[in-house]
Amino acid sequence: MKDKFLELEAILKCAIKPIYKKKHIKKMDETLIQLDNGNLFLVQRALTEVEYELVKIWLESANQGMKSSEYLLLTTSEGYLNYHSEITFPVRLWKIQYKESEIEVKEIIKSTFIDEKIVYTGDDEIVMIIKEKEEEESSVTPYELQSLLEAEALTSIRVTVGSLISHLSEVHLSYVQMNELTELVHEFKQRTQVVYFDAMFFPLMVKRIRMLLKSSDIGSREKLLMEALLKQHIRPVNDQELEQTALVFFENNLNISETANELYIHRNTLIYRLNKLESITGFDIRKFNDAMHYFMSYLGDKIK
(Lines give C-alpha, C1' and ligand atoms only; values in the text may rest on other atoms or scores of the structure.)
Protein backbone atom coordinates (compact mmCIF):
# COMPACT_ATOMS: atom_id res chain seq x y z
CA MET A 1 0.00 0.00 0.00
CA LYS A 2 2.88 2.36 0.88
CA ASP A 3 4.41 1.75 -2.56
CA LYS A 4 1.15 2.78 -4.26
CA PHE A 5 1.09 6.05 -2.31
CA LEU A 6 4.71 6.78 -3.19
CA GLU A 7 3.94 6.08 -6.85
CA LEU A 8 0.92 8.41 -6.79
CA GLU A 9 2.91 11.13 -5.03
CA ALA A 10 5.59 10.83 -7.71
CA ILE A 11 2.98 11.20 -10.48
CA LEU A 12 1.27 14.20 -8.84
CA LYS A 13 4.57 15.68 -7.62
CA CYS A 14 3.09 16.43 -4.21
CA ALA A 15 2.52 14.82 -0.81
CA ILE A 16 -0.60 12.83 0.14
CA LYS A 17 -1.48 12.20 3.76
CA PRO A 18 -4.40 10.73 5.73
CA ILE A 19 -6.54 13.15 7.73
CA TYR A 20 -8.20 12.12 10.99
CA LYS A 21 -10.29 15.22 11.64
CA LYS A 22 -13.32 15.66 9.38
CA LYS A 23 -13.31 19.45 9.88
CA HIS A 24 -9.73 19.89 8.70
CA ILE A 25 -9.25 23.36 7.19
CA LYS A 26 -7.59 22.92 3.82
CA LYS A 27 -5.61 25.60 2.00
CA MET A 28 -6.46 26.96 -1.45
CA ASP A 29 -3.77 24.83 -3.10
CA GLU A 30 -4.90 21.58 -1.42
CA THR A 31 -7.61 19.02 -2.20
CA LEU A 32 -9.50 16.96 0.40
CA ILE A 33 -10.76 13.56 -0.80
CA GLN A 34 -13.20 11.38 1.15
CA LEU A 35 -13.34 7.70 0.24
CA ASP A 36 -16.44 5.50 0.39
CA ASN A 37 -15.33 3.94 3.70
CA GLY A 38 -15.13 7.38 5.31
CA ASN A 39 -11.32 7.76 5.25
CA LEU A 40 -10.04 11.24 4.37
CA PHE A 41 -6.89 12.08 2.42
CA LEU A 42 -5.28 15.45 1.83
CA VAL A 43 -3.61 15.99 -1.53
CA GLN A 44 -1.26 18.94 -1.21
CA ARG A 45 -2.13 20.25 -4.63
CA ALA A 46 -5.25 21.70 -6.28
CA LEU A 47 -6.82 19.08 -8.56
CA THR A 48 -9.10 19.45 -11.56
CA GLU A 49 -12.40 17.54 -11.55
CA VAL A 50 -10.93 14.85 -13.81
CA GLU A 51 -7.80 14.56 -11.66
CA TYR A 52 -9.96 14.38 -8.52
CA GLU A 53 -11.94 11.41 -9.84
CA LEU A 54 -8.82 9.58 -11.06
CA VAL A 55 -6.96 10.13 -7.77
CA LYS A 56 -10.00 9.00 -5.78
CA ILE A 57 -10.18 5.77 -7.81
CA TRP A 58 -6.46 5.21 -7.22
CA LEU A 59 -6.82 5.85 -3.46
CA GLU A 60 -9.86 3.55 -3.24
CA SER A 61 -7.78 0.79 -4.82
CA ALA A 62 -4.77 1.42 -2.56
CA ASN A 63 -6.99 1.82 0.49
CA GLN A 64 -9.04 -1.34 -0.10
CA GLY A 65 -9.26 -3.32 3.10
CA MET A 66 -8.11 -0.40 5.26
CA LYS A 67 -10.68 0.35 7.97
CA SER A 68 -11.48 3.88 9.13
CA SER A 69 -10.85 4.87 12.74
CA GLU A 70 -14.63 5.16 13.19
CA TYR A 71 -15.06 1.59 11.92
CA LEU A 72 -12.53 0.32 14.46
CA LEU A 73 -14.19 2.42 17.18
CA LEU A 74 -17.47 0.60 16.50
CA THR A 75 -16.24 -2.92 15.90
CA THR A 76 -13.39 -3.42 18.38
CA SER A 77 -13.43 -3.20 22.18
CA GLU A 78 -10.19 -1.18 22.29
CA GLY A 79 -10.81 0.96 19.21
CA TYR A 80 -11.46 4.02 21.39
CA LEU A 81 -7.87 3.94 22.66
CA ASN A 82 -6.56 4.91 19.21
CA TYR A 83 -9.40 7.25 18.28
CA HIS A 84 -8.42 10.93 18.20
CA SER A 85 -11.28 12.72 16.42
CA GLU A 86 -13.57 14.96 18.43
CA ILE A 87 -17.04 13.72 19.45
CA THR A 88 -19.45 15.87 21.45
CA PHE A 89 -21.37 13.66 23.87
CA PRO A 90 -24.01 12.45 24.49
CA VAL A 91 -24.54 10.64 21.18
CA ARG A 92 -26.49 7.69 19.79
CA LEU A 93 -25.70 5.27 16.98
CA TRP A 94 -28.17 5.13 14.10
CA LYS A 95 -28.03 2.09 11.84
CA ILE A 96 -29.58 2.43 8.37
CA GLN A 97 -30.29 -0.85 6.56
CA TYR A 98 -31.35 -0.87 2.93
CA LYS A 99 -32.06 -3.49 0.26
CA GLU A 100 -31.24 -1.60 -2.94
CA SER A 101 -30.13 1.79 -4.33
CA GLU A 102 -26.84 1.88 -2.41
CA ILE A 103 -25.45 4.90 -4.27
CA GLU A 104 -28.63 6.94 -3.78
CA VAL A 105 -28.85 6.05 -0.08
CA LYS A 106 -25.22 7.05 0.55
CA GLU A 107 -25.62 10.35 -1.30
CA ILE A 108 -28.75 11.28 0.65
CA ILE A 109 -27.08 10.37 3.95
CA LYS A 110 -23.96 12.41 3.17
CA SER A 111 -25.95 15.47 2.07
CA THR A 112 -28.35 15.28 5.05
CA PHE A 113 -25.76 14.66 7.77
CA ILE A 114 -22.87 16.91 6.71
CA ASP A 115 -21.23 17.22 10.14
CA GLU A 116 -21.96 13.73 11.49
CA LYS A 117 -19.59 10.76 11.41
CA ILE A 118 -20.72 8.16 8.87
CA VAL A 119 -19.37 4.60 8.88
CA TYR A 120 -19.93 2.03 6.13
CA THR A 121 -20.10 -1.19 8.15
CA GLY A 122 -21.48 -3.59 5.54
CA ASP A 123 -22.79 -4.03 2.02
CA ASP A 124 -26.32 -3.06 3.00
CA GLU A 125 -25.94 -0.88 6.09
CA ILE A 126 -24.56 2.41 7.33
CA VAL A 127 -23.97 3.47 10.93
CA MET A 128 -23.89 7.12 11.98
CA ILE A 129 -22.72 8.67 15.24
CA ILE A 130 -25.44 11.24 15.94
CA LYS A 131 -25.29 13.93 18.62
CA GLU A 132 -28.28 13.76 20.95
CA LYS A 133 -30.36 16.87 20.28
CA GLU A 134 -32.44 18.92 22.67
CA GLU A 135 -36.16 19.04 21.88
CA GLU A 136 -35.97 22.65 20.68
CA GLU A 137 -33.01 21.96 18.38
CA SER A 138 -33.83 21.40 14.72
CA SER A 139 -32.82 17.95 13.50
CA VAL A 140 -33.95 15.10 11.27
CA THR A 141 -35.73 12.42 13.28
CA PRO A 142 -35.29 8.69 12.57
CA TYR A 143 -38.87 8.56 11.25
CA GLU A 144 -38.24 11.51 8.90
CA LEU A 145 -35.00 9.94 7.68
CA GLN A 146 -36.71 6.61 7.03
CA SER A 147 -39.48 8.32 5.03
CA LEU A 148 -36.99 10.49 3.11
CA LEU A 149 -34.81 7.55 2.09
CA GLU A 150 -37.74 5.40 1.00
CA ALA A 151 -39.21 8.26 -1.04
CA GLU A 152 -35.95 9.38 -2.67
CA ALA A 153 -33.98 6.12 -2.98
CA LEU A 154 -37.04 3.94 -3.69
CA THR A 155 -35.97 1.09 -1.43
CA SER A 156 -37.08 -0.47 1.85
CA ILE A 157 -35.35 1.18 4.82
CA ARG A 158 -35.04 0.26 8.49
CA VAL A 159 -33.53 2.70 11.00
CA THR A 160 -32.33 1.34 14.35
CA VAL A 161 -31.47 3.82 17.12
CA GLY A 162 -29.03 2.63 19.77
CA SER A 163 -28.59 3.40 23.46
CA LEU A 164 -27.43 6.78 24.79
CA ILE A 165 -23.62 7.01 24.83
CA SER A 166 -21.82 9.33 27.26
CA HIS A 167 -18.20 8.26 26.79
CA LEU A 168 -15.97 7.07 23.95
CA SER A 169 -15.40 3.71 25.66
CA GLU A 170 -19.17 2.97 25.47
CA VAL A 171 -19.40 3.17 21.66
CA HIS A 172 -18.39 -0.44 20.95
CA LEU A 173 -20.84 -1.85 23.52
CA SER A 174 -23.65 0.22 22.03
CA TYR A 175 -22.76 -1.11 18.57
CA VAL A 176 -22.80 -4.73 19.83
CA GLN A 177 -26.17 -4.12 21.52
CA MET A 178 -27.56 -2.59 18.34
CA ASN A 179 -26.51 -5.64 16.30
CA GLU A 180 -28.17 -7.85 18.91
CA LEU A 181 -31.30 -5.73 18.56
CA THR A 182 -31.21 -6.06 14.76
CA GLU A 183 -31.10 -9.87 15.03
CA LEU A 184 -33.89 -9.82 17.61
CA VAL A 185 -36.17 -7.65 15.45
CA HIS A 186 -35.68 -10.12 12.59
CA GLU A 187 -36.42 -13.07 14.87
CA PHE A 188 -39.32 -11.27 16.50
CA LYS A 189 -40.72 -10.29 13.05
CA GLN A 190 -41.21 -6.70 14.17
CA ARG A 191 -43.27 -4.71 11.65
CA THR A 192 -41.98 -1.24 12.44
CA GLN A 193 -39.28 0.26 10.22
CA VAL A 194 -37.89 2.44 13.02
CA VAL A 195 -36.64 0.62 16.10
CA TYR A 196 -35.43 2.22 19.34
CA PHE A 197 -33.15 0.34 21.73
CA ASP A 198 -34.86 2.04 24.68
CA ALA A 199 -38.27 0.67 23.60
CA MET A 200 -37.07 -2.95 23.31
CA PHE A 201 -36.21 -3.61 26.95
CA PHE A 202 -38.59 -6.55 27.44
CA PRO A 203 -37.70 -8.41 24.21
CA LEU A 204 -34.00 -7.97 24.95
CA MET A 205 -34.48 -9.15 28.53
CA VAL A 206 -36.27 -12.32 27.37
CA LYS A 207 -33.55 -12.94 24.76
CA ARG A 208 -30.81 -12.67 27.37
CA ILE A 209 -32.67 -14.97 29.75
CA ARG A 210 -32.83 -17.53 26.93
CA MET A 211 -29.11 -17.10 26.30
CA LEU A 212 -28.32 -17.45 30.02
CA LEU A 213 -30.30 -20.69 30.23
CA LYS A 214 -28.18 -22.12 27.40
CA SER A 215 -24.89 -21.14 29.05
CA SER A 216 -22.86 -22.82 31.77
CA ASP A 217 -22.88 -19.67 33.93
CA ILE A 218 -26.08 -20.58 35.74
CA GLY A 219 -26.51 -23.24 38.41
CA SER A 220 -28.72 -26.28 37.79
CA ARG A 221 -31.23 -25.28 40.51
CA GLU A 222 -31.59 -21.71 39.22
CA LYS A 223 -31.88 -23.02 35.66
CA LEU A 224 -34.63 -25.45 36.70
CA LEU A 225 -36.59 -22.71 38.49
CA MET A 226 -36.26 -20.30 35.57
CA GLU A 227 -37.33 -22.90 33.00
CA ALA A 228 -40.33 -23.85 35.19
CA LEU A 229 -41.34 -20.17 35.47
CA LEU A 230 -41.18 -19.70 31.71
CA LYS A 231 -43.09 -22.91 31.05
CA GLN A 232 -45.85 -21.93 33.48
CA HIS A 233 -46.19 -18.41 32.12
CA ILE A 234 -45.92 -18.99 28.37
CA ARG A 235 -49.29 -19.66 26.76
CA PRO A 236 -48.87 -20.15 22.99
CA VAL A 237 -51.66 -18.85 20.74
CA ASN A 238 -50.61 -20.62 17.51
CA ASP A 239 -52.76 -18.24 15.48
CA GLN A 240 -50.87 -15.65 13.42
CA GLU A 241 -53.95 -13.48 12.84
CA LEU A 242 -54.70 -13.22 16.57
CA GLU A 243 -51.05 -12.54 17.41
CA GLN A 244 -50.81 -9.78 14.81
CA THR A 245 -54.09 -8.30 16.05
CA ALA A 246 -52.70 -8.14 19.59
CA LEU A 247 -49.48 -6.45 18.46
CA VAL A 248 -51.39 -3.79 16.51
CA PHE A 249 -53.66 -3.33 19.54
CA PHE A 250 -50.56 -2.63 21.67
CA GLU A 251 -49.12 -0.25 19.07
CA ASN A 252 -52.37 1.73 19.28
CA ASN A 253 -52.26 1.95 23.09
CA LEU A 254 -55.13 -0.54 23.62
CA ASN A 255 -57.49 1.68 21.64
CA ILE A 256 -60.28 -0.37 20.00
CA SER A 257 -61.29 2.17 17.34
CA GLU A 258 -57.76 3.02 16.15
CA THR A 259 -56.79 -0.65 16.02
CA ALA A 260 -59.89 -1.58 14.00
CA ASN A 261 -59.17 1.27 11.56
CA GLU A 262 -55.54 0.21 11.08
CA LEU A 263 -56.53 -3.43 10.51
CA TYR A 264 -59.42 -2.39 8.21
CA ILE A 265 -61.92 -4.46 10.20
CA HIS A 266 -65.18 -3.67 12.02
CA ARG A 267 -64.78 -3.00 15.75
CA ASN A 268 -67.07 -5.98 16.46
CA THR A 269 -64.66 -8.21 14.53
CA LEU A 270 -61.81 -6.85 16.65
CA ILE A 271 -63.74 -7.49 19.87
CA TYR A 272 -64.44 -11.05 18.67
CA ARG A 273 -60.71 -11.61 18.13
CA LEU A 274 -59.82 -10.18 21.54
CA ASN A 275 -62.39 -12.43 23.19
CA LYS A 276 -61.01 -15.43 21.29
CA LEU A 277 -57.48 -14.54 22.42
CA GLU A 278 -58.72 -14.39 26.02
CA SER A 279 -60.36 -17.80 25.72
CA ILE A 280 -57.05 -19.31 24.52
CA THR A 281 -54.65 -17.59 26.93
CA GLY A 282 -56.78 -16.42 29.83
CA PHE A 283 -55.53 -12.85 29.30
CA ASP A 284 -57.98 -10.02 28.55
CA ILE A 285 -55.53 -7.66 26.91
CA ARG A 286 -57.97 -4.76 27.14
CA LYS A 287 -56.77 -4.59 30.77
CA PHE A 288 -53.26 -3.22 31.28
CA ASN A 289 -52.06 -5.94 33.68
CA ASP A 290 -53.32 -8.73 31.41
CA ALA A 291 -51.85 -6.96 28.37
CA MET A 292 -48.42 -6.88 30.04
CA HIS A 293 -48.61 -10.57 31.01
CA TYR A 294 -49.73 -11.60 27.53
CA PHE A 295 -46.93 -9.61 25.91
CA MET A 296 -44.29 -11.32 28.08
CA SER A 297 -45.89 -14.69 27.31
CA TYR A 298 -45.79 -13.88 23.59
CA LEU A 299 -42.12 -12.89 23.79
CA GLY A 300 -41.23 -16.06 25.67
CA ASP A 301 -42.97 -18.13 22.99
CA LYS A 302 -41.39 -16.38 19.99
CA ILE A 303 -37.86 -15.66 21.23
CA LYS A 304 -35.79 -18.82 21.49
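The values are calculated or read from the model by the stated rules, or taken from the named source; none is laboratory data. Keep in mind that what you see is a predicted model, and the values were worked out from it rather than measured. Heads up, the Cβs are rebuilt from the backbone with ideal geometry, glycines too, and the neighbour counts pull from every protein chain shown.
Across the range 248-276, what is the number of residues that are assigned to a helix (DSSP H, G or I) and closer than 28 Å to residue 183 by Cα? Explain how you work it out, then say what you get.
Filtering the range 248-276 for residues assigned to a helix (DSSP H, G or I) gives 248-251, 256-263, 267-276.
With the extra rule that they be closer than 28 Å to residue 183 by Cα, the set shrinks to 248-251, 259, 262-263.
So the answer is 7.
Taking residue 77 as meeting all but one of (1) more than 23 Å from residue 111 (Cβ to Cβ); (2) polar (S, T, N, Q); (3) at pLDDT below 85, write down the number of the exception.
Unmet condition: (3).
Just checking, which of 225, 181 is without any contact (Cβ under 8 Å) to a residue 40 or more places away in the chain, in a helix (DSSP H, G or I), surrounded by fewer than 15 Cβ atoms within 10 Å (Cβ to Cβ) and not polar (S, T, N, Q)?
On the way: 181 fails: surrounded by fewer than 15 Cβ atoms within 10 Å (Cβ to Cβ).
Going through 225, 181 in turn, the sole match is 225.
Somewhere in the range 75-94, is a residue touching a His at 6+ places or on another chain (Cβ under 7 Å), within 30 Å of residue 193 (Cβ to Cβ), crowded, with 19+ Cβ neighbours inside 10 Å and assigned by TED's automatic domain parsing to the domain that holds residue 157?
So far as the range 75-94 goes, yes, one or more of its residues are touching a His at 6+ places or on another chain (Cβ under 7 Å), within 30 Å of residue 193 (Cβ to Cβ), crowded, with 19+ Cβ neighbours inside 10 Å and assigned by TED's automatic domain parsing to the domain that holds residue 157.
Out of (1) part of a helix (DSSP H, G or I); (2) over 13 Å from the mean Cα position of the chain (by Cα); (3) not small (Gly, Ala, Ser), the odd one out for residue 133 is which?
(1)
Tally time: how many residues in the range 21-57 are of a type outside the set (A, V, I, L, M), under 27 Å from residue 83 (Cβ atoms) and modelled with pLDDT of 85 or more? Talk me through it step by step, then tell me what you get.
Just the residues of the range 21-57 that are of a type outside the set (A, V, I, L, M), to begin with: 21-24, 26-27, 29-31, 34, 36-39, 41, 44-45, 48-49, 51-53, 56.
Remaining after also requiring under 27 Å from residue 83 (Cβ atoms): 21-24, 26-27, 30-31, 34, 36-39, 41, 44, 56.
From what is left, the residues that are modelled with pLDDT of 85 or more are 30-31, 44, 56.
Looking only at that region, the number is 4.
Would you mind stating whether residue 282 is modelled with pLDDT of 90 or more and either surrounded by fewer than 13 Cβ atoms within 10 Å (Cβ to Cβ) or touching a helix residue (DSSP H, G or I) at 6+ places or on another chain (Cβ under 6 Å) (or both)?
Details: modelled with pLDDT of 90 or more: yes; either surrounded by fewer than 13 Cβ atoms within 10 Å (Cβ to Cβ) or touching a helix residue (DSSP H, G or I) at 6+ places or on another chain (Cβ under 6 Å) (or both): yes.
Against the criterion (modelled with pLDDT of 90 or more and either surrounded by fewer than 13 Cβ atoms within 10 Å (Cβ to Cβ) or touching a helix residue (DSSP H, G or I) at 6+ places or on another chain (Cβ under 6 Å) (or both)), residue 282 qualifies.
Condition first: aromatic (Phe, Trp, Tyr) and closer than 25 Å to residue 281 by Cβ. Can you find one or more residues in the range 174-184 that meet it?
We begin by selecting, within the range 174-184, every residue aromatic (Phe, Trp, Tyr); these are 175.
Then drop every residue that is not closer than 25 Å to residue 281 by Cβ, which leaves none.
Checking the range 174-184: not a single residue is aromatic (Phe, Trp, Tyr) and closer than 25 Å to residue 281 by Cβ.
Return the residues of the range 159-171 that are of a type outside the set (A, V, I, L, M), part of a helix (DSSP H, G or I) and touching a helix residue (DSSP H, G or I) at 6+ places or on another chain (Cβ under 6 Å); say none if nothing qualifies. Explain how you work it out, then say what you get.
Filtering the range 159-171 down to residues of a type outside the set (A, V, I, L, M) leaves 160, 162-163, 166-167, 169-170.
Of the ones still in play, those that are also part of a helix (DSSP H, G or I) are 169-170.
Correct list: 169 only.
So, of the residues in the range 197-209 that are surrounded by fewer than 16 Cβ atoms within 10 Å (Cβ to Cβ) and touching a residue at least 24 places away in the same chain (Cβ under 8 Å), which turns out to be nearest to residue 97 (Cα to Cα)?
The qualifying residue nearest to residue 97 (Cα to Cα) is 198.
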